[in-house]
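Student: I have a structure here, written as structure tokens, and I will follow up with some questions on it.
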Amino acid sequence: MSERIQAPRGTYDVLPDDHAARGRVLRVAENVLERAGYRRIETPVFEHTELFARGVGASTDIVQKEMYTFDDAGGRSLTLRPEGTASICRAYLDHGMQKLPQPVKLWYHGPFFRHERAQAGRYRQFWQIGAEAIGSDAPALDAEAIVLLATVLDELEVGGLRLRLGSLGSPETRAAYREELQAHLRAHADQLSEEVRSRIDLNPLRAFDSDHPGTQAVMQTAPRLLDRLSAEDAEHFAEVRALLDAVELPYEIDPTLVRGLDYYARTVFEFTSDALGAQSGVGGGGRYDGLIAQLGGPATPAVGWAAGMERMLLAAGDAPIPEPMVDLYVALDGESTARSQGFRIAAEARRAGLNAQVELAGRSMKGQLKQASRLQARYVAIVDDTGQARLKDMDAGEQQEIPHTDVVAQVLRGRGLR
Ligand code: AMP
């Protein structure tokens, strides 16, 4: 026998039993977002590599280490999308959406790909639901986006939620702050952990996350980006917070919140859930006012978020158990006439809108009745070679003998459909 081929590491199959819960997440998100004027968009699963190199940022972990990039037969470098925002911005420009009334509000759902270390809650193909609102720098748009994600998570009964909120200011503020922080770290280099010291040039912000006592003492007196925001950026951030206060959505200001994508400016936020393990991020996002210009479009402010399907499923309350699906099970008690009549009845029933199954496995009558009860069929029609059928109402425990041709009409009446 040949060796069986396994699924690639970090991927998983979505099995039939998984769809009730996934469908619920999708429906909740769709309802919440469409009520707020977001409309669904789908973009291709692969794009030109250049889109992500420019859009996500060449220095990010995603672009440096995690992209599935390949040359197609025409020699063009393509990449399986690692995130949604850059593609949505490309589509916004491609379809002249800047001519529509602004902001343009879009939402999406689909698979994304990152070559990450696979573990619980972290996959190489994962699904995100995301929302992007493009064409306005109003703080109310940031607050609205945050409130909508909170509403989705709330309706899904995601437990132990925390919202962390920060502001990154402008790229210029950030660059100046980074230098100031690096100077502070260098001045106290002898107190820092080996790891933090070696990353001063590359990633000084990581020092805020260190659990090394010496490093923590140094960080106590470190400058904070939030204190360095320009007056305008600080006012924008204050307005976002005031609006969250107005709807009584609790949040924690986190001056160290940095997100893994280069394009953020001003507001950044992240929802985490205690119900999850190490990978506690359920969803997050922020404002990306510079991104569309970076992709060759006109300067266009925008804000958005993405939330992970797997993490929402792990942290959400139980999905309702779906109703039994089968209205009619057609059992065969005979030879070729029974087979062809049974086949015809099932086809007619489906055209009439019923969920119908016909015996296909050559089971004995006992086996067929067992299968019908496993499927929780409401009616069973036992079809023979004589043109008659015994129709059993499985709830009422009643049985009647009727012509083959009346079976569907009878079941429709019984289901209150005619
Ligand atoms: P990001 O696009 O990195 O801001 O991620 C947004 C959300 O997507 C996270 O909060 C997670 O819920 C989810 N997510 C990101 N990467 C993965 C992954 N590799 N596996 C599963 N979920 C992920």
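The values are calculated or read from the model by the stated rules, or taken from the named source; none is laboratory data. In this text, all values refer to a predicted model and were calculated from it rather than measured experimentally. Here the Cβ is made from the backbone with ideal geometry for all residues, glycine too, and neighbour counts use every protein chain on show. The protein model used for the area step is the full one, side chains on, heavy atoms only, and it has no ligands, DNA or RNA in it. Shrake-Rupley method; radii C 1.70, N 1.55, O 1.52, S 1.80 Å.
Student: Yes or no: ARG39 of a type outside the set (Phe, Trp, Tyr), farther than 20 Å from MET312 by Cα, open to solvent by 30 Å² or more (accessible area, probe 1.4 Å) and not assigned by TED's automatic domain parsing to the domain that holds GLU144?
Tutor: Against the criterion (of a type outside the set (Phe, Trp, Tyr), farther than 20 Å from MET312 by Cα, open to solvent by 30 Å² or more (accessible area, probe 1.4 Å) and not assigned by TED's automatic domain parsing to the domain that holds GLU144), ARG39 does not qualify.
Student: Hey, does region 1-13 have a residue that's out of contact with any helix residue (DSSP H, G or I) (no Cβ under 8 Å at 6 or more places or on another chain), in contact (Cβ under 8 Å) with a residue 24 or more places away in the chain, open to solvent by less than 20 Å² (accessible area, probe 1.4 Å) and closer than 22 Å to ALA150 by Cα?
Tutor: Scanning region 1-13 turns up no residue that is out of contact with any helix residue (DSSP H, G or I) (no Cβ under 8 Å at 6 or more places or on another chain), in contact (Cβ under 8 Å) with a residue 24 or more places away in the chain, open to solvent by less than 20 Å² (accessible area, probe 1.4 Å) and closer than 22 Å to ALA150 by Cα.
Table: residues versus (1) under 21 Å from VAL158 (Cα atoms); (2) in contact (Cβ under 8 Å) with a residue 60 or more places away in the chain; (3) small (Gly, Ala, Ser).
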residue	(1), (2), (3)
ARG228	no, no, no
HIS236	no, yes, no
TYR251	yes, yes, no
LEU257	no, yes, no
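Student: Go through region 269-306 residue by residue and tally those that are within 10 Å of the ligand (Cβ to nearest atom) and over 19 Å from PHE52 (Cα atoms).
Tutor: 10
Student: Could you grab me the full set of residues in region 135-188 that are free of Cβ contacts under 8 Å to residues at least 40 places away in the same chain, in a helix (DSSP H, G or I) and among the small types (Gly, Ala, Ser)?
Tutor: Correct list: ALA175, ALA183, ALA187.
Student: With (1) touching a residue at least 60 places away in the same chain (Cβ under 8 Å); (2) in a helix (DSSP H, G or I) as the list, and GLU50 as the residue in question, which single condition is left unmet?
Tutor: (1)
Student: Further question: Do we have GLY130 as small (Gly, Ala, Ser), buried (at least 22 other Cβ atoms within 10 Å of the Cβ) and within 24 Å of the chain's Cα centre (by Cα) here?
Tutor: Against the criterion (small (Gly, Ala, Ser), buried (at least 22 other Cβ atoms within 10 Å of the Cβ) and within 24 Å of the chain's Cα centre (by Cα)), GLY130 qualifies.
Student: Pull up region 63-109, narrow it to residues that are under 22 Å from PHE126 (Cα atoms), open to solvent by 10 Å² or more (accessible area, probe 1.4 Å) and in a loop (DSSP other than H, G, I, E, B), then point me to the one that is farthest from the ligand (Cβ to nearest atom).
Tutor: Looking at residues that are under 22 Å from PHE126 (Cα atoms), open to solvent by 10 Å² or more (accessible area, probe 1.4 Å) and in a loop (DSSP other than H, G, I, E, B), I get MET67.
Student: Hey, another quick one. Quickly run through region 82-105 and pick out the residues that are touching a helix residue (DSSP H, G or I) at 6+ places or on another chain (Cβ under 8 Å) and without any contact (Cβ under 8 Å) to a residue 60 or more places away in the chain.
Tutor: Matches in region 82-105: PRO82, SER87, ALA91, MET97, VAL104.
Student: Which of the residues spanning region 53-62 are open to solvent by less than 70 Å² (accessible area, probe 1.4 Å) and either more than 12 Å from the ligand (Cβ to nearest atom) or not assigned by TED's automatic domain parsing to the domain that holds CYS89 (or both)?
Tutor: Residues satisfying the conditions are ALA53, GLY55, GLY57, ALA58.
Student: Yes or no: ARG27 modelled with pLDDT of 95 or more, more than 16 Å from the ligand (Cβ to nearest atom), surrounded by fewer than 13 Cβ atoms within 10 Å (Cβ to Cβ) and within 21 Å of LEU313 (Cβ to Cβ)?
Tutor: For ARG27, the condition - modelled with pLDDT of 95 or more, more than 16 Å from the ligand (Cβ to nearest atom), surrounded by fewer than 13 Cβ atoms within 10 Å (Cβ to Cβ) and within 21 Å of LEU313 (Cβ to Cβ) - is met.
Student: Mind checking which strands (runs of 3 or more DSSP E) fall wholly inside region 269-361 and carry at least 1 residues that are touching a residue at least 12 places away in the same chain (Cβ under 8 Å) and open to solvent by 70 Å² or more (accessible area, probe 1.4 Å)? Break it down stepwise before answering.
Tutor: Details: elements: 281-287, 302-308, 328-332, 356-358.
Ranges flagged: 356-358.
Student: Moving on to the next point. Just to be sure, is ASP190 charged (D, E, K, R) and within 16 Å of the ligand (Cβ to nearest atom)?
Tutor: No.
Yes/no per residue for (1) open to solvent by 80 Å² or more (accessible area, probe 1.4 Å); (2) in the same structural domain as ALA140 (by TED's automatic domain parsing); (3) touching a Phe, Trp or Tyr at 6+ places or on another chain (Cβ under 8 Å); (4) modelled with pLDDT of 90 or more:
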{"site": "GLN191", "(1), (2), (3), (4)": "yes, no, no, yes"}
{"site": "GLU194", "(1), (2), (3), (4)": "yes, no, no, yes"}
{"site": "ARG206", "(1), (2), (3), (4)": "yes, no, no, no"}
{"site": "HIS212", "(1), (2), (3), (4)": "no, no, no, yes"}
{"site": "THR215", "(1), (2), (3), (4)": "no, no, no, yes"}
{"site": "VAL218", "(1), (2), (3), (4)": "no, no, no, yes"}
{"site": "GLU235", "(1), (2), (3), (4)": "yes, yes, no, yes"}
{"site": "VAL247", "(1), (2), (3), (4)": "yes, yes, no, yes"}
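Student: Also, I was wondering about something else. Taking into account only those residues within region 391-418 that are in a loop (DSSP other than H, G, I, E, B) and touching a residue at least 12 places away in the same chain (Cβ under 8 Å), which is surrounded by the fewest Cβ atoms within 10 Å (Cβ to Cβ)?
Tutor: Filtering region 391-418 for residues that are in a loop (DSSP other than H, G, I, E, B) and touching a residue at least 12 places away in the same chain (Cβ under 8 Å), the one surrounded by the fewest Cβ atoms within 10 Å (Cβ to Cβ) comes out as ASP395.
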